[in-house]
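Colleague: Could you have a look at this structure, given as structure tokens, before my questions?
The values are calculated or read from the model by the stated rules, or taken from the named source; none is laboratory data. All values reported here derive from a predicted model rather than from experimental measurement. So basically every Cβ, Gly included, is an ideal-geometry build from the backbone, and we count neighbours across all protein chains shown. Note: accessible area is taken over every heavy atom of the protein model, side chains too, but ligands, DNA and RNA are not part of it. Shrake-Rupley method; radii C 1.70, N 1.55, O 1.52, S 1.80 Å.
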Amino acid sequence: PEKAHREAIAQVIRAPMVLVAANDGEIVGVLRGGRKDKQQRTVLQSLFVKGDHHRQGIGRKLVERFERECQRQGATVIRLAATLYAVPFYLAMGYKRSTGVRSGWSFEGSGLKVQPMRKVFPA
């Protein structure tokens, strides 16, 4: 079961684009994304910044770099499912709520409340 569990986690964390922020050799932020949904919109799959590094611009820099790369590849829309805690961050980054709050999932299970959001870029 442990090997199957590791393989399941590896499958979940795979992404076309993984950006990493480091501070003194320590990973302090990771963004995964680049996968396309059924409408060919680019998906920002996850953004994590280590708790004691919040509010230092790390998340903003990772998202801006991700957006630049997506636009370079021709993306006109990026969508994501923000945790309720992260909604103000994404609003400040120019993302808009696209629907009402939904029930998502995390490694702890289902029932995580998420806010679907998107950002549209000029074509």
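Colleague: In nm, what is the difference between 0.36 nm times the number of residues separating V77 and R65 and their Cα-Cα distance?
Modeller: On the way: separation 12, 0.36 × 12 = 4.32 nm, distance 1.49 nm.
Length gained, V77 through R65: 2.8 nm.
Colleague: Compute the distance in nm between two label points, each set 7 Å from the Cα along the Cα-to-Cβ direction, one at V101 and one at E26.
Modeller: Taking the two extended label points, one gets 3.3 nm.
Colleague: Order K50, K119 by their accessible area, 1.4 angstrom probe, all chains in place, largest first.
Modeller: Numbers: K50 85, K119 35 Å².
Sorted by accessible area, descending: K50, K119.
Colleague: Right, here's the next one. With only Lys, Arg, Asp and Glu charged, each at its Cβ (+1 for the first two, -1 for the last two), find how big the charge dipole of segment 44-97 is about the Cα centre; round to the nearest 20 debye.
Modeller: Values: 10 positive and 4 negative charges, 17 e Å.
Roughly 80 debye for segment 44-97.
Colleague: Once the piece of chain linking H54 and F121 is laid out straight, how much longer is it, given 0.36 nm per residue of separation minus the C-alpha distance between them? Don't skip to the end; give the middle numbers.
Modeller: Values: separation 67, 0.36 × 67 = 24.12 nm, distance 2.66 nm.
21.5 nm is the gain from fully extending H54 to F121.
Colleague: Quote the FRET efficiency, to the nearest 0.05, computed for V87 versus E7 with a Förster distance R0 of 25 Å and r equal to the Cβ-Cβ distance.
Modeller: Working: r = 33 Å, r/R0 = 1.31.
Working from the Cβ atoms, E equals 0.15.
Colleague: Any idea of the accessible area per residue across segment 44-123, 1.4 Å probe, to the nearest Å²? All intermediate terms of the calculation are to be shown ahead of the outcome.
Modeller: Details: 5120 Å² over 80 residues.
Accessible area per residue: 64 Å².
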